[in-house]
Amino acid sequence: MDAGTTAVLTLGGLQALLAALQSRDYRILGPRVRDGAIGYGDIASVADLPRGWGEEQSAGRYRLVRRDDEALFGYAVGPDTWKRFFHRPVEALWRSRRVDGEVQVIAEPEPAERLALIGVRACELRAIAIQDRVLRDGDYPDTRYRARRNAAFIVAVNCGQAGGNCFCVSMDAGPRATTGFDLALTELWEPGDHRFLIETGSAAGAEVLAELPHRIAAPDEIAAAGALVAATAAGMGRFLEAGDVRELLLANLEHPRWDVVAGRCLSCANCTMVCPTCFCTSVADSSALDGAETVRTQRWDSCFTADFSYVHGGSVRSTTRSRYRQWLTHKLATWHDQFDSSGCVGCGRCITWCPVGIDLTEEVAAIRAAPHAPEDP
Amino acid sequence: MEGLARIICAHPLFAGVHEDFCTLVCSCARNVRFEAGQHLVREGDAADYLYLLREGRVALEMSVPGRGAITFQTLEGGDLVGVSWLIPPYRWTHDAKALERTRAIALDATCLRRKCEADHDLGYALMQRFVPILIERLQGARLQMLDIYGN
Amino acid sequence: MAIERVGVAASAGPAEVPWPTRVCRRRQEAPDVWTLDLEAPVGAAAAFAPGQFNMLTVFGVGEIPVSLSGDPSRSQSWVHTVRAVGPVSQALATAPVGTVLGARGPYGSDWPLSVGLGRDILLIAGGLGLAPLRPAIYALLAARAHYGRLALCYGARGPRDLLFRREFARWARGMQVQTTVDHAPAGWSGRVGVVTRLIERADFRPERSLALVCGPEVMMRFAVAALRAAGVDDDYIYLSLERNMKCALARCGRCQLGGTLVCRDGPVMCYGRVGHLLRVPEL
């Protein structure tokens, strides 16, 4: 944060931010308490945000808890991710219509949604960037993802506390938001004084900020914000040695640890559903009863499903062991080969939402502790 | 070297074998020829001979009631027909039929077994030649059995 | 080794939307295998490189990858060979002339024929694997003088499963053609035995060859073992691999094989690069 460009908003300023976004016809999405967790939904006012709510997370466990302050963003990420707004769980791709022996194929119209995301954490920014690489920036961009993504306005939040399963520091993905946002907030709360430091990350962000009531941040406020984020970084719940994890996993594809984790894994696919970077999909074709019109629909899928790798009368990965190995080695190792980055941002959701509490940082550590000898080629 | 010994030494199966061994084996050998449709061996018969094919094509068959004679392997010049002579009871477990005019060297199995007993170096040299063929046939049979082209 | 890839398929709209096209010819190659000629869609590039595939849609049923199996120098129509094993392939295989299907492509990497210039080329095919190799055969024979010896080793389950049999005699004028079957009916006087046995008799010089292999994965593993035993270098052995593909656009994640995406980095891949992946069961 720079002394000259960091501003400060009050709660009123934050409300004005929402109003400014509404006046620009954005659909505003932000955190809300919902179904016993903090998830993302439409918000209209600061009052919709989870004021005073926090959570406790550990392997296979999540509980909302009441904080002893009134912080709006005093929680670590919950089961919801932003990916379902850009990369929809279910989406029609194209339709065909049979008319006089000819068939017309019509692509679904490009989405015109303008989404404003409030409260995006650094790990989530990294996850969005990772999905951009896969879905938007390849040889064949997903044009619907691209349209939604390019039209989006992102207000990030620097985390004021680390979650029990967080390890963004290990993945160099947080807790400080450095890129990929239009505006970034750091919340400072004291009794009677609720402020938000705000930085701009783009021209669009600067333009919005100019309309809001704000003042320039004082050096001590900047220092306080910096200290808060540093404390978050020091308080990570988990750790993963990421530097050589790709080589470690690829050298240990037959390690006995895979059998151990396979004995616990239910192949339930929760981890892939809550992971902010998982992107796998399937398609299904369906037709109207008279067969004159058909539609192809894309939907989320998971590498944990039995027929994900189906070919020639059987699945290549027919065992839970092979599927868990696929998921973890893809996330931490082969993602590098395919997309030039790690697939993991250290958000810890897979640890929290695994029904049996499998912790990938623990799995990696176990393999690292007793690696197999390298196989001869 | 005698003409037949030279032919034996030139056969791919005996590539690299010392010519003395070829000469030893030669005394158990003679030239033979089969016309298309002629059987070299029949299932159940005594495995008295083995055949080093020089040219032509031979089908190894088994007779399956209701399906007739099923070919499970074809062999050509350079191949060996007959491994049953290696182990008791020295009886053929399949038929072998020439599909076209086929020239071969027939080796008397009894003669060969006796020579191998008398000269273990000869025996070892011949085993070094026959065992790889057996292994290769086994590997091929496995692949055929897996029905890899099936669904 | 650089992955050879024909330019990204041109598309007026989003890449996952197929063009409507019509079946203009069909012919049965084997009990469960058909070849379909599709009209090249108006405005779309019908050019393809040997080894590539298209995604074919049967409206209301689904979409699958199908090998382009025709002559790459003739781009008026797209020739595909498909085996009927599931609902979509069954519908494709039985689609009468005139049926409107959806098509998009071509996708994937191609056989690296330029790597083989001046070399002997050994093609090893099993079953349906001859289909994505046939365009390479046409291309090699059309430029015969640029290559050394050419040899094809082709095996199938039975005599009726040997694809494109009518063309063998013509091919044999420019290359060595050997065929074999695993199971023979009574009266068959051709070869019986696994296709890897044909390699011993193939006309090629291992130290200056390029091997192109396509067939069931088990067969490819054994063929590669035989090629390596014969002295062919790993970097001169190419395989055509297959995994579940739903998008062919490197976006659905299903076709992963280790660090590769078969639709983008394959299906043709160099054994030297991916061989170690094939040795890990269920990867």
- Among the residues listed as C:SER69, C:SER89, the single one being under 30 Å from C:GLU200 (Cβ atoms) and among the polar types (S, T, N, Q): C:SER69
- Pairs under 6 Å by beta carbon, first residue facing another protein chain (nearest Cβ under 7 Å) and without any contact (Cβ under 8 Å) to a residue 24 or more places away in the chain in segment A:312-338, partner buried (at least 21 other Cβ atoms within 10 Å of the Cβ) and among the hydroxyl-bearing types (Ser, Thr, Tyr), six or more apart or different chains? A:VAL316/A:SER309; A:ARG317/A:SER309
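Matching residues to (1) without any contact (Cβ under 8 Å) to a residue 60 or more places away in the chain; (2) at the interface with chain A (Cβ under 8 Å from one of its Cβ atoms):
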| site | (1), (2) |
| --- | --- |
| C:TYR236 | no, no |
| C:LEU239 | yes, no |
| C:LEU261 | yes, yes |
| C:TYR271 | yes, no |
- Filter result (on the phi > 0 side of the Ramachandran plot, touching a residue at least 40 places away in the same chain (Cβ under 8 Å) and more than 12 Å from the chain's Cα centre (by Cα)) within segment B:26-81: B:GLY37, B:GLY44, B:GLY56
- Message: Residues that are buried (at least 21 other Cβ atoms within 10 Å of the Cβ) and in a loop (DSSP other than H, G, I, E, B): does segment A:289-302 have at least one?
- Response: yes
- Query: Hey, C:GLY86 hits all of (1) buried (at least 19 other Cβ atoms within 10 Å of the Cβ); (2) modelled with pLDDT under 95 but one; which does it fall short on?
  - Reply: (1)
- Message: Please go through segment A:135-148 and give me each residue that is within 18 Å of A:TRP300 (Cβ to Cβ), more than 7 Å from chain C (Cβ to nearest Cβ) and open to solvent by less than 30 Å² (accessible area, probe 1.4 Å), ordered by number.
- Response: A:ARG144, A:TYR145, A:ARG148
- Task: Could you list all residues from segment A:61-73 that are open to solvent by 40 Å² or more (accessible area, probe 1.4 Å) and assigned to a loop (DSSP other than H, G, I, E, B)?
- Result: A:ARG67, A:ASP68, A:GLU70
- Note on the structure: For segment A:74-106 the number of residues that are among the aliphatic types (A, V, I, L, M), at pLDDT 95 or above and assigned to a strand (DSSP E or B) is 3
- Give just the number: which of (1) facing another protein chain (nearest Cβ under 8 Å); (2) on the phi < 0 side of the Ramachandran plot does C:ALA223 not satisfy? (1)
- Message: Is it the case, given these coordinates, that B:ARG42 is open to solvent by 40 Å² or more (accessible area, probe 1.4 Å), within 24 Å of C:SER189 (Cα to Cα) and in contact with a Ser or Thr (Cβ under 8 Å, 6 or more places away or on another chain)?
- Response: no
- Search result, residues across segment C:132-160 that are over 23 Å from C:GLU200 (Cα atoms) and either within 14 Å of chain B (Cβ to nearest Cβ) or of a type in the set (Ser, Thr, Tyr) (or both): C:TYR138, C:ARG160
- Query: What is the number of the single condition among (1) farther than 19 Å from B:CYS26 by Cα; (2) of a type in the set (Val, Ile, Thr); (3) away from every other protein chain (no Cβ under 11 Å) that B:THR74 does not meet?
  - Reply: (3)
- Can you name every residue in segment C:122-159 that is closer than 20 Å to C:ARG208 by Cβ, open to solvent by 20 Å² or more (accessible area, probe 1.4 Å) and free of Cβ contacts under 8 Å to residues at least 40 places away in the same chain? C:LEU141, C:ALA143, C:ARG144, C:ALA145, C:HIS146, C:TYR147
- Item | Some residue of segment B:91-102 being open to solvent by less than 30 Å² (accessible area, probe 1.4 Å) and either more than 14 Å from chain C (Cβ to nearest Cβ) or assigned to a loop (DSSP other than H, G, I, E, B) (or both) | yes
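The values are calculated or read from the model by the stated rules, or taken from the named source; none is laboratory data. The model shown is predicted, which means the values in this text are computed figures rather than measured ones. A quick note on method: Cβ atoms are made from the backbone with ideal geometry, for glycine too, and the neighbour counts reach across all protein chains shown. Please note that ligands, DNA and RNA were not included when accessible areas were found on the heavy atoms of the full protein model with its side chains. Shrake-Rupley method; radii C 1.70, N 1.55, O 1.52, S 1.80 Å.
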